[in-house]
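Participant: Quick one: the structure is below, and I'll ask about it shortly.
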Amino acid sequence: MSGIKSINAISPVVEVKNLWKVFPKRQRSKGKKTLNIDVHDEVTISQMEKDGKVVVAVRDVSFEIYPGEIFIVMGLSGSGKSTLIRCLMRLIEVTAGTIKINDLDITSLSKKELVKHRRYQAAMVFQHYGLLPHKTVLDNVAFGLKLRGEPKEERYRKAKAAIERVGLKGWENYYPAALSGGMQQRVGIARALVMDAPVFLMDEPFSGLDPLISRQLQDELLRLQEEMKKSIMFVTHDLSEALRLGDRMAIMRKGSIVQIGTPDEIVSNPADDYVAAFVADERRTLEKTKLSLGNKLASTPASS
Amino acid sequence: MFPEHFTFHVAEQVNNFVDWLLDSYAPLFDAISTGILTMLLRINEILLMVPWWLYMIIVFVVLFATTKKLIASLTLAILPMLIGAFELWALAMESLAVVLTAVIISLLIGIPMGILMAEINSFAVVIRPILDGMQTMPSFVYLIPAMMLFGLGKVPAVLATLIYSLPPVIRLTNMGLRHVPKNIEEAALAYGATKWQLLKEVRIPLAMPSILTGVNQTTMMALAMVVVASMIGARGLGQEVLLSINRIDIGRGFEAGLSVVVMAIVIDRVTQSIAKKWEPPR
């Protein structure tokens, strides 16, 4: 725990406190879209859950992300991790709790302020890329800048630089459909890079790719992070990926965070049986990762 | 058959309503009538000004540029010569003017309506049965009131055509917008798109193939009304068909009918090829 204490002196970029997201189950009658529910009334909530009236996707979640760290949120599908990351962009409205990004409470922003938050404070990379099929790679990367209203020359100059950084130079005028999955996700990353936002939100960005490409992109992300030092929230269901990338990680189960810590802490000291089962299966992978990491560390000092 | 005490009629109310419209809004209908007529005559004028061979060149260039099929493009470009050969060119242009006017008005009304339908669910719920009604109501039923309100001639023909041809473009605009993948919309929102930007940058471009199919369908529907429209005094190919039916001159009717078919095929292929061009590359 000593490692965390030392960074605690720096104020966090992202601060999530007691966050709840409760979805009303869709009913035949005209159900209200927003649900008024007191999250502190545990009895009612668990009763409503049992009755199948609501689904609690995020349950009383708190965590911080510090400048320059990659914070992993891991869990099986349905554990609420995708919902959680969307709450940070307010693509999903939260039920209760606060989300502070650079000391600004996202949950209380007006529509206009929210648009500004999305344009300047955070950039997101999606599992399904979310590229615009009718725009070229260049226009896709420049898309966020266009929404901001930056002049054409400026945004193309920045977009070209970002495309080069993700290794897609020469592909500017192709359409996304002509690119492989891995390349499309590179475009997705370039589109986020170009925004130059302090916070990066990545929702299972490499899950849909084959293992080799996925690893390649993980390395690339680490390389980019070396230069840019963003605060990254990275959602994944893949433990080996989490261990490779994460400075700290949170494990989610049924909407709650069961454990937060460095990868080492979580593997060596799992908080409960669920986490233990999670990491036991991957222990061998971890050993390998450690080994390769050790080799890397042994070989890098000369270059840096 | 049907229990007698259940019967009631709305016929009288409808009659009264049309009478009331006529009495109280005559100036309004006159104004609309003048507007449409001016537009129609201008279009007709332009259509007649363009020499016949230029149509063929335009059809060929558009088709070849979009499909790259030489023989098909040539065939479709030469096909309209048939209309000229039958000495029906001027009449065909008159029909085309009515069709074009109806289509232009359809698009001006239909595309915004389709967008509204996609944006506002309750609006869609109200509009959908009205669209069904517009497409299935036998056209003669509204032909007569249209004639009463706007007089004989081309204006009621345009309006009757409009009623029939408006629904497809509304429906397909709505459908196209609703079928835009949610993950793409979400990504655009995450990068700070406002509602308007989302519509302009993402939803409309992605719905474009569907919208253009709507334009194509609307045009075809409008062409289908050519003969019916001639019954209330719109000259053109329909009138020729009508005349030959009255005189049982099958050959003459066939020539006019074939001309309508030629027009329909050429317009269909041209608009379809343009629609294809708009599809996002895959």
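The values are calculated or read from the model by the stated rules, or taken from the named source; none is laboratory data. Predicted, not measured: the structure shown is a model, and the values here were computed from it. Here Cβ is always computed from backbone atoms with ideal geometry, including for glycine, and neighbour counts include all displayed protein chains.
Participant: Residues of the range A:1-46 being modelled with pLDDT under 50 and among the hydroxyl-bearing types (Ser, Thr, Tyr), which ones?
Facilitator: Answer for the range A:1-46, where residues must be modelled with pLDDT under 50 and among the hydroxyl-bearing types (Ser, Thr, Tyr): A:SER2, A:SER29.
Participant: If you don't mind, there's one more thing I want to ask. Taking the residues in the range B:28-40 that are aliphatic (A, V, I, L, M) and free of Cβ contacts under 8 Å to residues at least 40 places away in the same chain as candidates, determine which candidate is nearest to B:ALA275 (Cα to Cα).
Facilitator: The extreme case among them is B:ALA31.
Participant: Now for a separate question. Which residues, counting only those in the range A:124-173, are in contact with a Leu (Cβ under 6 Å, 6 or more places away or on another chain) and within 14 Å of B:GLU201 (Cβ to Cβ)?
Facilitator: A:ASN140, A:ARG155 - these are the residues of the range A:124-173 that are in contact with a Leu (Cβ under 6 Å, 6 or more places away or on another chain) and within 14 Å of B:GLU201 (Cβ to Cβ).
Participant: Here are A:GLY188, A:GLY181, A:GLY167: which of them is within 12 Å of chain B (Cβ to nearest Cβ) and either free of Cβ contacts under 8 Å to residues at least 24 places away in the same chain or not polar (S, T, N, Q) (or both)?
Facilitator: Within the list A:GLY188, A:GLY181, A:GLY167, the selection yields A:GLY188.
Participant: Give, as residue ranges, the strands (runs of 3 or more DSSP E) completely inside the range A:206-265 that count at least 2 residues that are surrounded by fewer than 22 Cβ atoms within 10 Å (Cβ to Cβ).
Facilitator: Qualifying strands (runs of 3 or more DSSP E): A:248-253, A:256-261.
Participant: Next question, about the same structure. When A:LEU131 is evaluated against the numbered criteria (1) more than 9 Å from chain B (Cβ to nearest Cβ); (2) of a type in the set (A, V, I, L, M); (3) in contact (Cβ under 8 Å) with a residue 40 or more places away in the chain, which criterion, by number, is the only one it fails?
Facilitator: Checking A:LEU131 against (1) more than 9 Å from chain B (Cβ to nearest Cβ); (2) of a type in the set (A, V, I, L, M); (3) in contact (Cβ under 8 Å) with a residue 40 or more places away in the chain, the one that fails is (1).
Participant: Report the residue count in the range B:183-203 for those that are among the β-branched types (Val, Ile, Thr) and more than 10 Å from chain A (Cβ to nearest Cβ).
Facilitator: Residues in the range B:183-203 being among the β-branched types (Val, Ile, Thr) and more than 10 Å from chain A (Cβ to nearest Cβ): 0 in total.
Participant: Residues being within 14 Å of chain B (Cβ to nearest Cβ) and of a type in the set (A, V, I, L, M, F, W, C): count how many of those fall in the range A:90-100.
Facilitator: The total comes to 2.
Participant: Mind listing whichever residues of the range B:223-262 are among the small types (Gly, Ala, Ser) and either crowded, with 20+ Cβ neighbours inside 10 Å or in contact with a strand residue (DSSP E or B) (Cβ under 8 Å, 6 or more places away or on another chain) (or both)?
Facilitator: If the condition is that a residue be among the small types (Gly, Ala, Ser) and either crowded, with 20+ Cβ neighbours inside 10 Å or in contact with a strand residue (DSSP E or B) (Cβ under 8 Å, 6 or more places away or on another chain) (or both), then B:ALA229, B:SER230, B:ALA234, B:GLY236, B:GLY238, B:ALA256, B:SER259 are the ones that fit.
Participant: Out of the range B:228-249, which residues are within 21 Å of B:LEU159 (Cα to Cα) and of a type in the set (S, T, N, Q)?
Facilitator: Answer for the range B:228-249, where residues must be within 21 Å of B:LEU159 (Cα to Cα) and of a type in the set (S, T, N, Q): B:SER230, B:GLN239.
Participant: When you go through A:VAL141, A:VAL115 one by one, which is the residue that is among the aliphatic types (A, V, I, L, M) and within 23 Å of A:ILE213 (Cβ to Cβ)?
Facilitator: A:VAL141
Participant: Another one. Any residue in the range B:98-110 that is in a helix (DSSP H, G or I) and either charged (D, E, K, R) or more than 30 Å from B:LEU258 (Cβ to Cβ) (or both)?
Facilitator: Yes: one or more hits.
So that you can scan it fast, the table gives a plain yes or no per residue for (1) in contact with a Gly (Cβ under 6 Å, 6 or more places away or on another chain); (2) surrounded by 14 or more Cβ atoms within 10 Å (Cβ to Cβ); (3) in contact (Cβ under 8 Å) with a residue 24 or more places away in the chain:
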| residue | (1), (2), (3) |
| --- | --- |
| B:ALA26 | no, no, no |
| B:MET49 | no, no, no |
| B:TYR55 | no, yes, yes |
| B:VAL59 | no, yes, yes |
| B:SER73 | no, yes, no |
| B:LEU82 | no, yes, yes |
| B:ALA102 | no, yes, yes |
| B:ILE115 | no, yes, yes |
| B:VAL125 | no, no, no |
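Residues checked against (1) closer than 13 Å to B:LEU199 by Cα; (2) modelled with pLDDT under 95; (3) under 13 Å from the mean Cα position of the chain (by Cα):
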position: B:LEU152; (1), (2), (3): no, yes, no
position: B:PRO156; (1), (2), (3): no, yes, no
position: B:LEU162; (1), (2), (3): no, yes, yes
position: B:SER165; (1), (2), (3): no, yes, yes
position: B:THR173; (1), (2), (3): yes, no, no
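Participant: Give me the pairs: first residue in the range A:228-240 and among the acidic types (Asp, Glu), second residue crowded, with 23+ Cβ neighbours inside 10 Å, beta-carbon distance under 9 Å, and six or more apart or on different chains, which are they?
Facilitator: Close Cβ pairs satisfying both conditions: A:ASP238/A:MET74; A:ASP238/A:PHE206.
Participant: If we scan the range A:179-189, do we find a residue that is in a helix (DSSP H, G or I) and surrounded by fewer than 17 Cβ atoms within 10 Å (Cβ to Cβ)?
Facilitator: yes
Participant: Turning to a different aspect of this structure: Picking from B:ILE265, B:ILE211, which residue would you name as being surrounded by fewer than 17 Cβ atoms within 10 Å (Cβ to Cβ), in contact with a helix residue (DSSP H, G or I) (Cβ under 8 Å, 6 or more places away or on another chain) and in a helix (DSSP H, G or I)?
Facilitator: Just a single option satisfies the conditions, and that option is B:ILE265.
Participant: Mind checking whether some residue in the range A:108-118 is within 8 Å of chain B (Cβ to nearest Cβ), out of contact with any Pro (no Cβ under 9 Å at 6 or more places or on another chain) and farther than 21 Å from A:LYS17 by Cα?
Facilitator: Yes, the range A:108-118 contains at least one residue that is within 8 Å of chain B (Cβ to nearest Cβ), out of contact with any Pro (no Cβ under 9 Å at 6 or more places or on another chain) and farther than 21 Å from A:LYS17 by Cα.
Participant: Please enumerate the residues belonging to the range A:227-250 that are under 18 Å from A:ILE65 (Cβ atoms) and among the acidic types (Asp, Glu).
Facilitator: A:GLU241, A:ASP247
Participant: Looking at (1) in contact (Cβ under 8 Å) with a residue 60 or more places away in the chain; (2) surrounded by 15 or more Cβ atoms within 10 Å (Cβ to Cβ), which is the only condition B:LEU152 fails?
Facilitator: (2)
Participant: Filter the range B:193-208 down to residues that are surrounded by fewer than 22 Cβ atoms within 10 Å (Cβ to Cβ) and β-branched (Val, Ile, Thr) and give me whichever is nearest to A:THR136 (Cα to Cα).
Facilitator: B:ILE204
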